[in-house]
Amino acid sequence: MQVQLRKEYFLWTIIALYVVVFGAFTSFRHYNFYTQTWDMGAFVQTMWNTTQGRIMFNNIEEIHNTLGVHMSPWLFALVPGYLLFQSPYYLLIVQTIALALGAIPAYLLAYHILRKKSYALAFATSYLLYPALHWINSYDFHPVSFAVPFLLGAFYFFEKRNLLWMTIFLALAASTREDIILVVLFFGFFVLAQNKTDAPLKATRERKIGATIALCAIVYFLLAIKVIMPSLGGGLLRLDRYAHLGSSFSEIATTAITNPALIAKTILAPEKILYFLWLFIPVAFLPFFSWRSLILVIPGLVENMLTTFPFQFTGLYQYDSVLVAGILYGAIRGAHTVISRWPRKRKVVLGIIISAMILGFTARSPLNPFFFPTFVFRSSPRADAFREIVKSVPDGTPLAANTNLIPHLSHREHAYMLGDEPPNIDLVIIDAQDPTGFASAEDFQSYVERYAQSEDYSVQIFRDRYFIFHRKGASEPLLLSSQ
């Protein structure tokens, strides 16, 4: 069955709509100062520094080479475009387009497995309306988001038994971040677990494929975390989010074996159960009808369910990038299982898929019609003040600023979030009503007073709210319209 993608007008229409809607949403979100230091500012500074010859450098992360924090060589592929379009909007739009194009392998997968155009379009639409995808796209920029379309491409080419393109897409996915390497590893296990009773020769070949994928993933993962990242001053820095289980992989694994009660207590927290349910409600729990496909979501579920870091299990950030492709693939294979068992229920299954898709979108998407974030598209006195400040800051001046300012001021070698700057920074820009990044309002107040009382700094007050401290002899007052 040949698919003429050029003639799939509905598919291209929904992809284009996605790009327009999320391109506008993410762009206005940045324009009106809702993006943050973590992680928009960090990646903007990394990309800009790389174009200036300081490869993958930023001074926002605790490790100044981004690849020491996360193994994301995929960023190098984005550098040529950033040379041409040196703007945060480039990163946001490229991310949006990449995620939108994931609908193509989603469509092809569903068409190949289910043999019906209606199901293919339903799953492509389900992908584009999947709430976790929307949150991944909405929250700043992250190279790991590109793993979603890359993994879907790999899954499709596996189904077609096109080993060359499968390998290319697996390699691309693994290049986005080190935890995606583990998804590739489990994909190898998934291939090994396929039903091989009918064709022994084919089974032997696929075992070799699965074993090779798993072996390559293990080698690359160990090379990344034991050699490359430590050589850049980093490593697996986020293991502290699992400190209740141990301080290393081996300790965490030992805890899982020797203390299953602690594992169960960690996983069965009410907020994590709710998180788990909302991952699968939008796909009608179909992955559970294809047990082999669940192998693909094990790494992501373990990563997000065992942590005590709350942002990983809210479903509102980039952390679900490790799960989306596997969940969709599992849903397609699960639908195939259900239809094979109850062929007369094809229309019922299609109706369930569509209903679950609509429920998930309306209940969980950041762009759902009931709570559409219109405020993102409107300016505000704060955004207007920030815009004027940004335009007045001289290029190259080392500075520290509030989290929402840094993504707009990161095209310089030295930019820091408030509280993280080194001594004697030239310029400090403070929104007195935004203590983000400080443990308490008292800590924030002490921080502001330290600069106010310093003889090394003069202060410029803008609109009775914004305090701009200039180091004497190094920085001049900003040319602002009104003080």
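The values are calculated or read from the model by the stated rules, or taken from the named source; none is laboratory data. Keep in mind it's a predicted model, so treat the numbers as computed, not measured. Please note: Cβ atoms are built from the backbone with ideal geometry, for glycine as well, and neighbour counts cover all protein chains shown.
At a glance:
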read-out	value
Test result for LEU418, at pLDDT below 95, closer than 30 Å to THR51 by Cβ and not small (Gly, Ala, Ser)	no
Residue in region 440-463 that is closer than 22 Å to GLU61 by Cβ and surrounded by fewer than 16 Cβ atoms within 10 Å (Cβ to Cβ) present	yes
Condition met for SER118 (farther than 26 Å from THR397 by Cα and in a helix (DSSP H, G or I))	yes
Residue in region 438-451 that is in contact (Cβ under 8 Å) with a residue 60 or more places away in the chain and over 20 Å from ASP140 (Cα atoms) present	no
Unmet criterion (only one of (1) of a type in the set (Val, Ile, Thr); (2) out of contact with any His (no Cβ under 9 Å at 6 or more places or on another chain); (3) within 22 Å of ASN65 (Cα to Cα)) for ILE339	(3)
Checking PHE386 against (1) at pLDDT 95 or above; (2) out of contact with any Leu (no Cβ under 7 Å at 6 or more places or on another chain), the condition it does not meet	(2)
Positions within region 365-418 being outside any loop (DSSP other than H, G, I, E, B), surrounded by fewer than 19 Cβ atoms within 10 Å (Cβ to Cβ), in contact with a helix residue (DSSP H, G or I) (Cβ under 6 Å, 6 or more places away or on another chain) and not aromatic (Phe, Trp, Tyr), in sequence order	VAL390
